[in-house]
Structures are given as C-alpha cells and as structure tokens.
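Taking it in order: structure first as structure tokens, then the write-up.
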Amino acid sequence: MRDRYSVAAYVRRLARRIASVFTGHLADYSMSEEMRLHIELQAEEYVREGMAPAKAADRARREFGHMDGVQETCRDERGFPWFSQLMQDLRYGTRMLARAPGFTCVAVLTLALGIGVNAGIFSLMDDVLLRQLPVNDPSSLILFRWASTKDFPVPVNGSFEVDATTKLTACASFSTPVFERFKAQGRPLDGICAYCDFQRITIVADGTAETVADGELVSGDYFGVLGVPPEAGRAIEPADDVKGAQGVAMISYRYWVRRFGADPAVIGKSITVNANPVTMVGVTGKSFTGTLEVGDYPDVYLPLHLSAGMGQQGLGEMGNTAQLWWLQILARPQPGVSPSQVTAALQGILRQCASESLVANGSQLPSSQGQDLVLIASPGGQGLTEIRNQYRHQLAILVALGGSILAIACANIANLLLARGMARQREIGVRLAMGAARGRIVRQLFTESALLSILGGALAVPFALWTENAFLALHPDVEGHTLQFNVGLDGRVFAVAALIAAGTALVFGLIPALRASSVEVTAEFQGGTNNRGGGRSKLGKVFLVVQIALSLVLVVGAGLLSRTLRNLDRVDIGFDRENLVLFELDPNPSGADFDAGEKVDRAVVERLRSAPGVVSATFSKVSLLSGSGWNAMLRGKVGSATPAEFKPTMLNAVGPHFFSTYGIPILRGRELEARDEGGKTVAVINQAMARECFGDAEPVGQYLEQEDEPGHWHPILVIGVARDAGYDGLRRGSPPTIYFGFDLTRSMASAGATFAVRVSGNPAAIVPLLRASIHEAFPLLPVSHLRMQSTQIENLSGNERMFARLSLLFSMLGVGLVSLGLYGLMSYSVLRRTGEIGLRMALGATPAAMVWMVLRESLLVIAIGVGLGLACALASVRLVSSLLFGLSPTDPLSFAAGTLLLLVVGLIAAWIPAQRAARLDPMIALRTD
Amino acid sequence: MPKEKPDLLQGTLDLLILKALVTGPTHGFGVSILIRRISGEVLQVEQGSLYPALYRLEAEGWIRSEWGVSDNNRKAKFYELTPAGRKQLKAETDSWERVSSAINMVLRHA
C-alpha cells in the first residue's frame, strides 16, 4: 500500500518540487484561468437558481475567496516556498537598503570595523594561545619538567615557571645523561626526543655571511617522534646524531624561500654554520615552526652532537654541555600509558642523574639533595608555554576593547533600525492589512539586518588583517621576546568573522524587527504616528544608555593608558639618548677564541672614533634599556666589620670611553681606564649601589665582594661612583649597578658586545660611512641589528603605546557614535512632540521652556549612562592596572576628564536638535498631522 | 486563509476528491459540485482548500490534468484519476473504513 508518509513518497514529492522550479511560471497563468472559470460556472449556477446576474457574479467571486491567497497556497505545493520567500526577502531587503545609502554605508562600515577587529583579535589569540604544534597527534605529546623543593645549584640554561598543577617552580631543561638514560629505558615511551634553542647563528652560503635569528639543536629522532615529513630532501635521522658523523642540517621552509628562492638544487649543498661545515639535507614542512616558545621560528635545525663546535654565545653562558642542564625533552607514551605512569617509571633515573650532577659540579651540597627532584609530565602539544602565558593578559585586554566597540556598534545600528522601523509603519500596516502574517514580516525585516551583517562581515576581513598587523607592528614584547607570525587569511578568521556577523545580526536585528512589526493597523491608518512613539523611545533610550556607559569606560581607559605612556616617555634615564647608534658585530662564530674577540672590539672602537661625524664610541656587554640584563649577588665590605648581606646587583662589562659616550657623569672618583685592565679587579658603581652597600660612607676606596662559586668570593675595589642611569627597563628606575672593565669578566661573559656610537649630525648620513669603515677593516664581521638608542627605548613601551593608541581610537569612535545616537533621539523627540509643543507655545510657553522640556528627556539618559559607565569603569580598570605607570587605576584626573567629555559631548549633541523646538511656529505645529 | 490543515481533514478531502473523479474526468468546479450533491449539501468544499488539494494530488501522481473544452465551449482544466490514483483510492477507502468503524465502536461503548 502506498503510504503517503513513506520515504518513497517523500522522495517523489521532492522530485516534483524540484521539477516544478523550472516549470513554475507556466503553471501560474493556467492557474488564474482555471479559477476564473470556476467563478464563472458558479455564477451561472446562481443565475440558474434565480439570482440576478450581477449579484450572482458578485456572490460567486466573494465565495471563492481571496484568489491571490488561494493561488499562494497552490504555489506552496510547488517548488520550495521557503527558498523563494528567502529570495524574495533578499531582493526586497537589498532594494530597501539601496534606497537609504547613507544609513547603509554607516551601518556596514561600523559593523565591518567591529567584526573585523574582533576577528583579528581572535586570530591572534588562536595563534598565540590555542594553536597546537603542527605535528602528528600533538595531544599525546608530553613535555618533561622538573621541580625541586630545595636548592639545586647546577648550571641550568632555561627559565623557571610555576607549574599550575603542582604549584612548584618547575624548569624544562634537562642534562644530556638524563635524556640518554630516559631513551635507554624504552618501556613506557613510544618515542623520545630532545631539543634546544640556539640563537644568533652565522650561516655562510655561497660566500655570503648572514646571521640568522633562531636555530634549533635537535636529537636524531626528533622529526621521527614528531612525525613531520620534510618538504624537500630528507629529515635529520638518528644516524646523523652520532659523534663523528658528518655534519648535516635542515633549514626551515621560510628560510628556503627567502634565502634560496625555494631552489630544489640547494639540497645537498654545503654551508658553514658558525664556522662548522654542514650539508643541507632537507627542508622542514611548510607549516612546521619548531617546538620553541611561541613566536620563535627556527630557521636551521642541527643535530645535537654539533653543539660542541657551535660556540658559546648561542648556548648562553655555559660552554660545557656535559654538565649543563639545557635540553627540552618531548616524548610520546605508549598507547594506554598515562603521564603519571611515565613519571613514576622515570623518576628514579632523574634523581640518580641529579645526584651525579651535583657531584660533578663540585657542589658542597650533599648529593642526596638530588633526591628532592620531582619529574613532571606536562602536555606537550603546544611546546613551551611560558611566554605564551604572559601574552594571555594582553590578549584579554584586547578582547575587552574589541568587545566593547562591537557592542557600541550594535547598539547604534539597533537604534537606527528602530528609527527606520518607525518610518515604515505605514508600509508595514498595509502589508498586515493585506493578510501578511506577522512572522513573515519579522522574517523579512530580519533578513535586512542579516544582509547588513553579511556585508559588514565581508568588509571585515581587511580590518581583521589590519588589526593583526597593528598588533605585531607595535612590538608587544614580553621580556624582550618578539612575536613572529604568519599573518594572513585563514579559514578560521573567515569562520570567526562569519560567526560574529551572525551573532550581531541576531542581537541588533531581532528586537527592532519585532518592534516594528507590532503595528496596530487601524490606529496606523487613522494617522496615529504622533502619539505612539513612547515604546520605541524607551527601547532606544536603553540602547543609548548602554552606548554611553561603554564609551565612558573606553574614554577613561584611553586616558589612563595615554597618561601612562607619557609618564614612561618622561622617565629620567640618566644618560643622553639622542644620536646614539647601536649595533652588534657577529663575532668570531666559534666563540672559543674569546680573547681575540675582545681585542677585535677594541680595534673597532678605535677605528670608529677616528671616523668622520663620530663624537665618541664604546661597547658594553649589556645594552642600556634593551630589556635584557645580567645580575649577580654582591655585598659591601666596610673595613673588616661583620660582612653584610649579599644583595642582588645588576652588572655590566664596559669598554673604554663608556661613560663619556653615553653621557653618564662620574660623580666621585674616576672612570675605568686602560691601566685598570688586565690588573686587579676594580669597578665603578652607581649611586643606588653606593647607598645600598655603604650608606653615607665614602664608597671610593672600599671593597665589594662577589661570589664566584658557593663559599668562594673575590674582592673588588671601588674606584668611582657614576650617576644613576636606567638599566633594563623604564619602570624599574635605576637599580644598584656595577660596571666592570671588559676583560675582567672573561670567566662569566660570552662574547657579543653592543657597540654604541655618538654621532653629530644626521645619523642616516653617517651610518653608511660607519658600515663601510668597519667592512674595510673587518670584512668577515657583518654589522647586525643596527638601531638608534632612542628607538630601542621606545620599543620598551611598545605594549603601552599599542594599547594607548587602540583605546584612544576606539573611545573616539564610541563617543562619535554616542553623539550621533543622542542627536537622533532628540530629533525624533522633537518631531514626535511637535503637536504638543505647538499647543504649549500657543498657550503662552516660552521657546526656552520648550527647549528645556525636550532636553530633559536626554538629560536623564546621559545621567544614567554616565553613572553606569563610571561604575563599570571602576570595576574594569583592574584589568589594565598592571600596565599603568605613575598613576593609580582610579586616577581622578582620567575619570573626571572622561566624565566631563561625555557630558559635554552628550549635551551638545542633544542641544542642537532641541533648538528646533524653540524655532517651531505654533500655527504650523498645531496643524501637523 | 489558514495554510496548515490538520492532517486528518487533509486526508479526508483527498479521499473525497479521488472518489469524485472515479466516475470520469471533470474540472475543479465539477468536483466541488459533485461532492456537494452526493453528500446532500452537507459537505461544502471551500475553494481555498479544493485547488491546493488538486495540485497536491497531481504532484503525488494520483490525478492527471489536461486542458480541454467544457460543455459550454469554454477552456477548462480537466482532472482524471491515474492508475496509481485508483490504487490509492482503494487504499485510503479501506483505511477510512477501518478507522471510522473503530471510532464507532468506541462511541457506542457504554
């Protein structure tokens, strides 16, 4: 039996609907014909029954009912009514929007900005916080860390971070013996590999030297464990990571394109990495960016065993990797094995190695101290996460900013739509009277909003890209760490933009659509627009209040951040930052011959000082105000009294003419001179240190003590006191600082001094001469990282600058939208109350009183908005308090200025249209319908 | 014009139309006259429901339409049962009888 509800029946119906899409219009004509005939026949029957022909025809027609309605119902059986309705809505919506180009442009642009900024922020968040490593099955990877409850004084190259689960301070660096023994253990692990960050490598290919920012040393099975196939050539294999094996290297896809133009012939070529010859065997996958901290993109990968020949500078301060804890370890557990089982199995090995390490380092502590180490297995899917976590805060602020501006934009458009809805009362009334269902009208109005959202979303993409680029261009550094990304169009950016667009359409489109369609037909046709404005006004006012509140928050935020920026720019750094050119020379790539490197530095300085346009030149290990530093524990030894406590001190090793080049005056004693070098240990300290260690006593001639190894310290003679100067950051002020001569720190320094040259005149003109001069004398030492001191200092406040600019821009937008909104509200109010105003004026009210009556409406809105805004601002400044400098989060000046600005703008925006009330001619007003 | 009809009524209307066409092809007006006359003026089919039903039945393939000339020489669209429609008529009639006798039993139960 053919059941009408069976699947076959459904398919049949569907097929016919599809077919009728193509034949539809033919059927329309025949349908009207058919129905006309029906009416005629019916009329004839009535005539036969004795009715008058005219009356019969009338009755037949009336009985048939609404022909169009019937035809509609018939048509619904054909084709896909929902689809044709949608098409209809879209066509109609497009026409309506095209008829109001001003409104459409404003709405679309506002939306594009709001959606774009938020999509860009999401994309950044995704790249920084959410994205997993582009490796095979990242979620099963484990990154090992260790934590110790007691001191563990072995050389460690890595940073410490509080582990979220165990609350201990953990480090992700292990020693080579630990890695090898973990690997030998086999069982709970399916694969294990190790790697280490390696910076400032000099690569010589085709005779040209180039310094590459980042590289990675990897164990032989690194690429195997991660499961990342190479883009070209082959990956580094376990056979390559054996002592005595021929040196190989892999380069990143990016580097391959940039340096070699993606030339496949490059595979197999020999290059020199830090003076070590290696063969390039492959190129890593296009999307593979290594497993280092977020934003670090290694350009070359080398096997671990080559580390011995790589030179000291890349590995930090420790040369001998046998005793160094320097490797990060990633592992994959066997299927079914949990991370805690892995740590239980390997913990013992770690502790054994730790004990041996203590002994090998000549530590005075008992080797049993190694037993306090705890092995932690953290999820490795994102690689190292320390820097990543520090971006969280910044991105949270960005999300708040972006969300606010989007909310303001939506509120504005909702208000505009409400107003348009009011204007279309008549049209909607007619449609309702003709039999349209309310739902149908709501759907159609909502489609218009959706159209706006779609257009806004489409235009949002360039805004999204702009947001990402702006974020990166303003160098938001975390601890001197710069982000590098592939900024670009991504499926996810599109998807997020679309989602946000859909969300905004719902938010700002639905309520006005519902409101607009609730028209009472009869009241409408009796000319009742005037008295019905109340409902719309109230809702519109709510939107305005929200807008005002959010704008106030933005304005206050902008004020706080801008003032912070100004405070930072005004910090007294203690030296002259103008016309100071900084650069580094990539030194002797092997770095082992340190003496030679330092002699070269001196020779360079001498050469520079004789160059034209140069006032003075020097070099120092730590570049002032660069975000990085060097510290140790020192204490003052006043006579032979009981030694004081060791205090944390900042160190710097400086070359000749340091103080005169930077413009730091020596207040007592003298500068470091040539005769000091190679001799006893002497140093210059700054005022802060003098105060710390010696109080009010005369520091020159006193001794300081520095601890080299546990229990062993050497004395240092103070020969001069320099004025306080900035060290690594603007916010820290001037910490206690000690300046040594360069050669005296041989045991602790790695090469790579920063040169500083004070020039007279235009730096841009002199720099090329400097380069030429150096190249002439030292052709194998490329000048790298050339910059001005003033720019370096500016970069320190890159974060604050970015936020200040963004919040300023957004707050101006917000205020602009608010004034538009208030203007609109007041205009409408005057229009609505024209009759009332005319009546009052005719009865004797003064124009001024009328203006005040109209204005009163908006004052309440502004007052509530500002009040709400202040409350929100007070609650939310906590979010940015860590960025502020030199002012408290509840800085009265910023709050007062912000409130005042909004009040003034609001009043002006409301006052201008309110003036229209004063200019009304009562006679005309009274006659207005 | 109500667009949604309760399923029961829709099914019943379809049944009546199919039955009306069993005697031979006729146009829409003719169908409504037939149903009215045979039911003794009890069942008056609204045009608003008649034509959509006719179109739906045609879409299902149970009736077929053709333009022809009516008895007073006017162009009219005639509908006629298809073989599939005949089968459907029998099925629906059986179903109807089953359901209505069941309802009767329930109503007569004391």
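When only residues in segment A:154-177 that are part of a loop (DSSP other than H, G, I, E, B) and either modelled with pLDDT of 80 or more or surrounded by 15 or more Cβ atoms within 10 Å (Cβ to Cβ) (or both) count, which is farthest from the chain's Cα centre (by Cα)? Filtering segment A:154-177 for residues that are part of a loop (DSSP other than H, G, I, E, B) and either modelled with pLDDT of 80 or more or surrounded by 15 or more Cβ atoms within 10 Å (Cβ to Cβ) (or both), the one farthest from the chain's Cα centre (by Cα) comes out as A:VAL154. Within the option set B:GLU66, B:GLU60, being modelled with pLDDT of 85 or more and either surrounded by fewer than 19 Cβ atoms within 10 Å (Cβ to Cβ) or more than 21 Å from A:GLN42 (Cα to Cα) (or both) holds for one residue only, B:GLU66.
Conditions (1) assigned to a helix (DSSP H, G or I); (2) modelled with pLDDT of 85 or more; (3) out of contact with any Pro (no Cβ under 6 Å at 6 or more places or on another chain), marked per residue:
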{"residue": "A:LEU870", "(1), (2), (3)": "yes, yes, yes"}
{"residue": "A:ALA897", "(1), (2), (3)": "yes, yes, yes"}
{"residue": "A:LEU900", "(1), (2), (3)": "yes, yes, yes"}
{"residue": "A:LEU903", "(1), (2), (3)": "yes, yes, yes"}
{"residue": "A:ALA917", "(1), (2), (3)": "yes, no, yes"}
{"residue": "A:LEU920", "(1), (2), (3)": "no, no, yes"}
{"residue": "A:ALA925", "(1), (2), (3)": "yes, no, yes"}
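Do we have B:GLY48 as over 30 Å from A:ARG61 (Cβ atoms), within 8 Å of chain A (Cβ to nearest Cβ) and either more than 14 Å from the chain's Cα centre (by Cα) or modelled with pLDDT under 85 (or both) here? Answer is no for this residue.
Just one of the numbered conditions (1) assigned to a helix (DSSP H, G or I); (2) open to solvent by 30 Å² or more (accessible area, probe 1.4 Å); (3) touching an Asp or Glu at 6+ places or on another chain (Cβ under 8 Å) is not true of A:GLY835: (3).
Rundown of residues vs (1) among the acidic types (Asp, Glu); (2) open to solvent by 20 Å² or more (accessible area, probe 1.4 Å); (3) closer than 21 Å to A:PHE658 by Cα; (4) at pLDDT below 85, yes/no style:
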{"residue": "A:MET689", "(1), (2), (3), (4)": "no, no, yes, no"}
{"residue": "A:GLU709", "(1), (2), (3), (4)": "yes, yes, no, yes"}
{"residue": "A:GLY726", "(1), (2), (3), (4)": "no, no, yes, no"}
{"residue": "A:PHE755", "(1), (2), (3), (4)": "no, no, yes, no"}
{"residue": "A:ARG758", "(1), (2), (3), (4)": "no, yes, yes, no"}
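Taking segment A:620-636 as the range and being at pLDDT below 85 and hydrophobic (A, V, I, L, M, F, W, C) as the test, the residues that pass are A:VAL622, A:TRP630, A:ALA632, A:MET633, A:LEU634.
Among the criteria (1) modelled with pLDDT of 80 or more; (2) open to solvent by less than 10 Å² (accessible area, probe 1.4 Å); (3) not aliphatic (A, V, I, L, M), the one A:SER734 does not fulfil is (2).
Hey, among the residues in segment A:386-430 that are in contact with a Pro (Cβ under 7 Å, 6 or more places away or on another chain) and crowded, with 23+ Cβ neighbours inside 10 Å, which one's farthest from A:VAL106 (Cα to Cα)?
The qualifying residue farthest from A:VAL106 (Cα to Cα) is A:LEU418.
Within segment B:79-96, if we keep just the residues that are facing chain A (nearest Cβ under 10 Å) and among the hydrophobic types (A, V, I, L, M, F, W, C), the residue that is nearest to B:ARG64 (Cα to Cα) turns out to be B:ALA84. Selection of segment B:32-43 for residues being more than 10 Å from chain A (Cβ to nearest Cβ) and either open to solvent by less than 40 Å² (accessible area, probe 1.4 Å) or not charged (D, E, K, R) (or both) yields B:LEU34, B:ILE35, B:ILE38, B:SER39, B:GLY40, B:VAL42, B:LEU43. For A:PRO768, are the conditions met, namely being outside any helix (DSSP H, G or I) and surrounded by fewer than 16 Cβ atoms within 10 Å (Cβ to Cβ)? Judged against the criteria, A:PRO768 is not a match. For segment B:26-58, a residue qualifies if it is without any contact (Cβ under 8 Å) to a residue 24 or more places away in the chain and among the basic types (Lys, Arg), and the qualifying residues are B:ARG36, B:ARG37.
A count restricted to segment A:271-291 and to residues that are open to solvent by 40 Å² or more (accessible area, probe 1.4 Å) and more than 35 Å from the chain's Cα centre (by Cα) stands at 3.
Only one entry of B:LYS19, B:LYS75 meets the criterion of being over 27 Å from A:ALA19 (Cα atoms), surrounded by 12 or more Cβ atoms within 10 Å (Cβ to Cβ) and either more than 14 Å from every other protein chain (Cβ to nearest Cβ) or touching a strand residue (DSSP E or B) at 6+ places or on another chain (Cβ under 9 Å) (or both), and that entry is B:LYS19. Figure legend. Inter-residue proximity from segment B:72-101: first residues free of Cβ contacts under 8 Å to residues at least 24 places away in the same chain, second residues open to solvent by 30 Å² or more (accessible area, probe 1.4 Å), beta-carbon distance below 6 Å, spacing 6+ or different chains. Indicated pairs: B:THR82/B:ARG64; B:ALA91/A:MET1. Figure legend. Inter-residue proximity from segment A:825-844: first residues without any contact (Cβ under 8 Å) to a residue 12 or more places away in the chain, second residues of a type in the set (Asp, Glu), beta-carbon distance below 8 Å, spacing 6+ or different chains. No pairs are indicated. Every listed requirement among (1) open to solvent by less than 60 Å² (accessible area, probe 1.4 Å); (2) in contact (Cβ under 8 Å) with a residue 60 or more places away in the chain is met by A:GLY816 save one, (2). Evaluating A:SER640 against the criteria (1) at pLDDT below 75; (2) assigned to a loop (DSSP other than H, G, I, E, B); (3) under 42 Å from the mean Cα position of the chain (by Cα) leaves one unmet condition, (3). Just one of the listed residues (A:ALA245, A:ALA235, A:ALA239, A:ALA265) is of a type in the set (A, V, I, L, M), surrounded by 18 or more Cβ atoms within 10 Å (Cβ to Cβ) and at pLDDT below 90, and it is A:ALA235.
Here A:ARG95 fulfils each of the conditions (1) touching a helix residue (DSSP H, G or I) at 6+ places or on another chain (Cβ under 6 Å); (2) modelled with pLDDT of 80 or more apart from (1).
Look through segment A:70-113, keep the residues that are among the acidic types (Asp, Glu) and surrounded by fewer than 19 Cβ atoms within 10 Å (Cβ to Cβ), and return whichever of them is nearest to the chain's Cα centre (by Cα).
The residue in question is A:ASP76.
Quick one: would you say A:SER888 is hydroxyl-bearing (Ser, Thr, Tyr) and open to solvent by less than 20 Å² (accessible area, probe 1.4 Å)? In short, no.
Would you pick out the residues in segment A:759-815 that are under 26 Å from A:VAL880 (Cα atoms) and among the aromatic types (Phe, Trp, Tyr)? Within segment A:759-815, A:PHE803, A:PHE810 meet the criteria. Per the listing A:LEU822, A:LEU874, the residue uniquely buried (at least 17 other Cβ atoms within 10 Å of the Cβ) and either assigned to a helix (DSSP H, G or I) or in contact (Cβ under 8 Å) with a residue 40 or more places away in the chain (or both) is A:LEU822.
The values are calculated or read from the model by the stated rules, or taken from the named source; none is laboratory data. Please read all numbers here as calculations on a predicted model, not as lab measurements. Cβ atoms come from the backbone with ideal geometry, glycine included; neighbour counts cover every protein chain shown. Surface areas here come from the heavy atoms of the whole protein model, side chains and all, with no ligands, DNA or RNA. Shrake-Rupley method; radii C 1.70, N 1.55, O 1.52, S 1.80 Å.
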